[in-house]
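Novice: First the structure, then my questions, so here it is.
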Amino acid sequence: MYTDTKTISLNRIFSRKTFYTMIGIFISMVFLYAYFLTSITVNTAEAKQLNVETKDLMSEIATLEVEYLANVNDLDMTTVLASGYVEVSNPEFAYTGGDESTGTAFVLR
């Protein structure tokens with residue numbers, strides 16, 4: 001009779017621990033689900049914002065490239081000389097880091 005009472009008491013303790021463990025796991029899973037769902041939502045919104053910013057920057061770069069090409073085509077020798085540049089009649093080149101084919105060239109006046 002004593003062993004039956006002890007077994008029932010152990011079963012009750014075991015079932016109570018199992019129940020609390022299952023409740024704890026369930027609550028943990030709910031919190032993890034909410035965290036990952038929020039994380040996915042935030043990352044998706046950030047990715048959309050980054051795509052918009054990338055498109056805006058690409059558009060701005062294209063506009064600047066068109067401006068640059070228009071300005072380069074408008075350059076002539078009189079404009080350059082009026083800006084303070086001088087024409088070098090006999091340029092001399094100084095090479096660093098190797099021979100003429102691989103080194104960096106500098107023009108000396």
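Quick note: the coordinates plus some simple rules give every number you see, no bench work behind them. Everything quoted here is computed from the prediction, not taken from an experiment. Heads up, the Cβs are rebuilt from the backbone with ideal geometry, glycines too, and the neighbour counts pull from every protein chain shown.
Novice: Residue separation times 0.36 nm, minus the C-alpha to C-alpha distance between Met29 and Lys17: what's the value? All intermediate terms of the calculation are to be shown ahead of the outcome.
Specialist: Details: separation 12, 0.36 × 12 = 4.32 nm, distance 1.81 nm.
The span from Met29 to Lys17 would gain 2.5 nm if fully extended.
Novice: Add +1 for every Lys or Arg and -1 for every Asp or Glu among the other residues with Cβ under 12 Å from the Cβ of Ile23, and state the total. Before the final figure, lay out each step's value.
Specialist: On the way: positive: Arg16, Lys17; negative: none.
With Lys, Arg at +1 and Asp, Glu at -1, the net is +2.
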